[in-house]
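Undergrad: Pasting a structure here, questions to come.
Bear in mind that the values in this text are calculations on the coordinates, not laboratory data. The shown structure was predicted, so the numbers you read here are calculated from the model rather than taken from an experiment. Ideal geometry is used to build each Cβ from the backbone, glycine not excepted, and the neighbour counts take in all protein chains shown.
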Amino acid sequence: MTIETTNEQVIAKAAALLRAGKLVAIPTETVYGLGADATNDMAVAAIFAAKGRPQFNPLIVHCASAQDAAKYVVFSEDASKLAQHFWPGALTMVLPKKAGTALSLLVSAGLETVAVRVPAARVAQAIFAEAGLPVAAPSANRSGAISPTTAAHVVQSLGDAVDLIVDDGACELGLESTIVGFFDKGPVLLRSGALKTSEVEAVLGKPLQRHTEAETNPQSPGQLLSHYAPAASLRLNVTDVHEGEALLGFGPNLLPTQGLAINLSKSGNLQKAAARLFSALHELDASGAKTIAVMPLPDEGLGEAINDRLKRAAAPRI
Ligand code: TXA
Ligand code: MG
């Protein structure tokens, strides 16, 4: 890990590291973000590993402009209005994902929506523009810890897990972005933050709905069941594969099967497994198999998040 005070060379270095799939702590006007190439599965998996997230929370995709963001999500009329007024700035919007985008499926943890934000901070803007990539970035702290508003906070929380920390002093706002979701029933406040709710409501000309856990929190089991689960049912910790089942494997000893099989990592690498998890589930599901048999994965490191996700996908459907 290196920590460098921002200047043109450091910005170029940060952009090059992002393009190479590395992790860079980037100052924004809200908090420092732990950034990685949002189109690179392994880089996104590295974010989860560095944060020690026990689950795959979906991440915010940071773009240099609203035009860039429109490559990945579909803007409603209300969403366009907010983008025009508040971007670049401390607003994140959760919008339906465009079909066929280059984004890693791990970024949105298998959801059909993506959170997008265009930050105003000059350094963040410069890094995104130079990298020419959408950048996935949660706050640059270990899971459950306080959000970092200085480079020193990032060092304390993540240390060597980050390849470069770009130091631009204290964040101007010091509070995370305000998150607004757009669902069938209209705009919903998913997280209050640095942008005042009343300002958002004034531009929309109507009140934001307050989010109730069961409806919009991707961590709540109800939501996970309806949004994350493949059409096929999952059978976990299998030691053999039944006829007609597709196999999600892990490790060097793939179970014998006549059907479709995908090995998340032949070498037993959990970061690789995390990187492939959602695309593998999609592919096995698309094969039309009624059941996906899943080999056991160790419950350590990223394995905990993978197993959490698999357990939720295997839970009885509503
Ligand atoms: O100010 C900020 O927003 C900072 C800077 C770095 O941009 N980022 C940040 O990220 O706070 P994070 O990961 O700590 O919080 C993002 C929140 C999470 O609670 C996550 O669940 C939610 O956004 N989120 C992301 N994608 C979502 C989606 N598709 N649907 C619903 N919630 C989503
Ligand atoms: Mg956070």
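Undergrad: Within the chain, which DSSP H helices have Cα atoms that stretch 15 Å or more along the helix axis and a mean Kyte-Doolittle hydropathy of at least 1.0?
TA: 41-51
Undergrad: With a ≥ b ≥ c taken as the square roots of the eigenvalues of the C-alpha gyration tensor of the range 1-119, please select rounded if a/c is under 1.5 and otherwise prolate if a/b is larger than b/c or oblate if it is not?
TA: oblate
Undergrad: Relative contact order for the range 223-314: what percent, with Cα pairs under 8 Å and sequence separation of 6 or more?
TA: With pairs under 8 Å counted, the relative contact order is 41 percent.
Undergrad: How many angstrom lie between the Cα centre of the range 41-101 and the Cα centre of the range 154-199?
TA: Rounded to whole Å, the Cα centres lie 12 Å apart.
Undergrad: Normalising by the residue count of the range 2-127, find the relative contact order in percent from Cα pairs under 8 Å and 6+ residues apart.
TA: 31
Undergrad: For residue 234, which sequence-distant residues (separation of 5 or more, or a different chain) have an amide H within less than 5 Å of its own amide H, given hydrogens modelled in the peptide plane?
TA: Answer set, sorted by chain and number: 292.
Undergrad: Separation between the residue 253 and residue 235 pseudo-spin-labels, each 7 Å from Cα along Cα→Cβ, expressed in nm?
TA: Each label point is offset 7 Å from its Cα along the Cβ direction, giving 1.9 nm.
Undergrad: While we're looking at this one, here's another question. Set the bar at 18 Å for Cα to Cα. Now go through 51/272; 81/206; 98/311; 185/206; 71/98 and name every pair that lies beyond it.
TA: Too far apart for the 18 Å limit: 98/311.
Undergrad: Now a separate question. Along the charge dipole of the range 1-82, pointing to its positive end and built from +1/-1 on Cβ of Lys, Arg, Asp and Glu, which listed residue (18, 54, 35) has its Cα farthest out?
TA: Going by the Cα projections, it comes out as 54.
Undergrad: Apply the Karplus parameterisation 6.51 cos²θ - 1.76 cosθ + 1.60, with θ equal to phi minus 60°, to every residue of the range 159-172 and state each ³J(HN,Hα) to the nearest whole Hz, in sequence, with x for glycine and proline.
TA: So the J values, rounded to whole Hz, are x, 6, 6, 9, 7, 8, 10, 8, 8, 10, x, 6, 5, 4.
Undergrad: With a/c under 1.5 counting as rounded, go ahead and sort the chain into rounded, prolate or oblate using the C-alpha gyration tensor (a ≥ b ≥ c being the square roots of the eigenvalues; past the cut-off, prolate if a/b is larger than b/c, else oblate).
TA: oblate
Undergrad: A further question follows. What ³J(HN,Hα) values, in whole Hz, does the Karplus curve 6.51 cos²θ - 1.76 cosθ + 1.60 give for the range 57-71 when θ = phi - 60°, with x put for Gly and Pro?
TA: My calculation for the range 57-71 gives 5, x, 10, 7, 9, 9, 10, 6, 7, 5, 4, 4, 4, 5, 6 Hz in order.
Undergrad: Oh, and also: For the charge dipole of the chain, defined by +1 on Lys and Arg C-beta atoms and -1 on Asp and Glu C-beta atoms about the Cα centroid, which residue among 310, 154, 173 has the Cα displaced farthest towards the positive pole?
TA: Checking the options against the dipole of the chain, the answer is 310.
Undergrad: Sticking with this structure for a sec: Taking the Cα centre of the chain as origin and charging only Cβ (+1 Lys, Arg; -1 Asp, Glu), how large is the dipole, in debye to the nearest 20?
TA: Here the size comes out at about 400 debye.
Undergrad: Compute a Gaussian network model of the chain, connecting alpha carbons closer than 10 Å, and tell me which residue from 257, 291, 28 fluctuates the most.
TA: Between 257, 291, 28, it is 257 that shows the largest mean-square fluctuation.
Undergrad: While we're on this one: Given R₀ = 22 Å, FRET efficiency for residue 196-residue 67 by Cβ-Cβ distance, to 0.05?
TA: Numbers: r = 26 Å, r/R0 = 1.17.
The calculated FRET efficiency here is 0.30.
Undergrad: Roughly what % antiparallel, to the nearest 5, for the DSSP beta bridges in the chain?
TA: 45
Undergrad: Additional query: Dipole of the chain (Lys/Arg Cβ +1, Asp/Glu Cβ -1, origin at the Cα centre): which of 239, 139, 75 lies farthest to the positive side?
TA: Among 239, 139, 75, the one farthest towards the positive end of the dipole of the chain is 239.
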